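Single-structure report; data block below.
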């Protein structure tokens, strides 16, 4: 799976060509469109440099609709991921030699709205599981209904082939459940098998050679004092991911307005009834929230970094209203903590809700 937030370069390099062209077809559902959405062409840079390159990522990104994280438990196990999160592409390549245009081949594939790092090199792709290996914590509260607890645990996406497996192992009893893939594609799976909510579980992806190629641990945390806040975000792979901030959270309201000064309409004026000299208008406000992760393990820095780099973030106050609201990460720097240097690790992040308090949508 290709990544649309980083450049994806299509190369046409044919000796003696003087120009090249690509026709780009993009779609999320159904079949390939009859006509290309974009046609791009270039002349070669020089007679001794006939390579031409096209970055198609900016065009792909227009076709994503990230919406919000879907925590419907009915969609959690071996079900196709929303087509809004995957863009299909087909490219027809052309070369011009001696004034005659002809085919230079085709290319077909898929994109997700993620990114690669510079150190990962040219045209990097996602891993099979769209979540890093590691240990993840989730909030468990036995007073919540079963449906609430299932939804709260979160999910992950994985690109799977027929015959591959997702295996759940209860961390207390060792009981296992296995899903064997019957139809290839990007599938969504719950992080926690329904019966493992109180105990947590290990999740493994097993390939068709019976080798474990990905492992993650999901462990419950009961927070008796604070009401945990859930942050959902699109991670580096272009998949919705979930993080719990377990400890103290503080909300702040910032008010802004314009101000003008006017003179009384009549003289002598009344300082008690004429309304003063200073008036405010266009008054509105924005709410922000400061969240603390609680004590986490080594490796969370990478997870926090992906949250800070995400362009799609929502905050869910599940205990209060069970609604997700769009937000922006306000914190602009991250000191990556380790158990060796910092002992117990806690991350503090500031967020702004991505809307004004007063409805001013026109």
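Summary of values
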quantity	calculated
Alpha carbon convex hull of the range 126-222, volume per residue in cubic angstrom	92 Å³
Relative compactness, the range 2-120, computed as alpha-carbon Rg over 2.2 N^0.38 Å	1.29
For the chain, built as a Gaussian network whose Cα springs stay under 10 Å, the top-fluctuating residue of 287, 311, 259	259
Of 303, 226, 138, the one that fluctuates the most in a GNM where the chain has Cα springs shorter than 10 Å	226
Value at 222 nm in deg cm²/dmol, rounded to 500, when DSSP H runs of n ≥ 4 in the chain each add -39,500 (n - 2.57)	-2000 deg cm²/dmol
Two-site FRET efficiency, residue 32 against residue 309, from Cβ-Cβ distance with R₀ of 41 Å, rounded to 0.05	0.80
Equivalent-ellipsoid semi-axes of the range 178-245, from the Cα gyration tensor, Å, largest first	27, 17, 10
Selected from 281, 77, 351 as most flexible by GNM, with the chain as the system and alpha-carbon contacts under 10 Å	281
Projected-area mean, the range 226-362, by convex hull of Cα positions, square nanometres	12.8 nm²
Stretch gain in nm, segment residue 211-residue 144, where the contour uses 0.36 nm per residue and the Cα spacing is subtracted	20.4 nm
Dimensionless Rg over Rh [the range 164-286; C-alpha; Kirkwood]	1.41
Net lengthening on full extension, residue 66/residue 11 (0.36 nm per residue, minus Cα-Cα)	16.9 nm
Theoretical FRET efficiency, 1/(1+(r/R0)^6), r = Cβ-Cβ of residue 90 and residue 344, R0 51 Å, to 0.05	0.50
Pairwise label distance in nanometres, residue 97 with residue 161, each label 7 Å out on the Cα-Cβ vector	3.5 nm
Label selected from (1) 0.98; (2) 1.09; (3) 1.01, the criterion being Rg/Rh (Cα atoms, Kirkwood Rh) as computed here	(2)
Estimated FRET transfer efficiency when R0 is 30 angstrom, pair residue 124-residue 199 (beta carbons, to 0.05)	0.25
Sorted largest first, extent of the range 251-320 alpha carbons per principal axis (Å)	72, 25, 18
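Read-outs: derived from the displayed coordinates by stated rules, not from any lab. Since we're looking at a predicted model, the values are computed, not measured. Glycine gets a Cβ as well: all are built from the backbone with ideal geometry, and neighbour counts include every protein chain shown.
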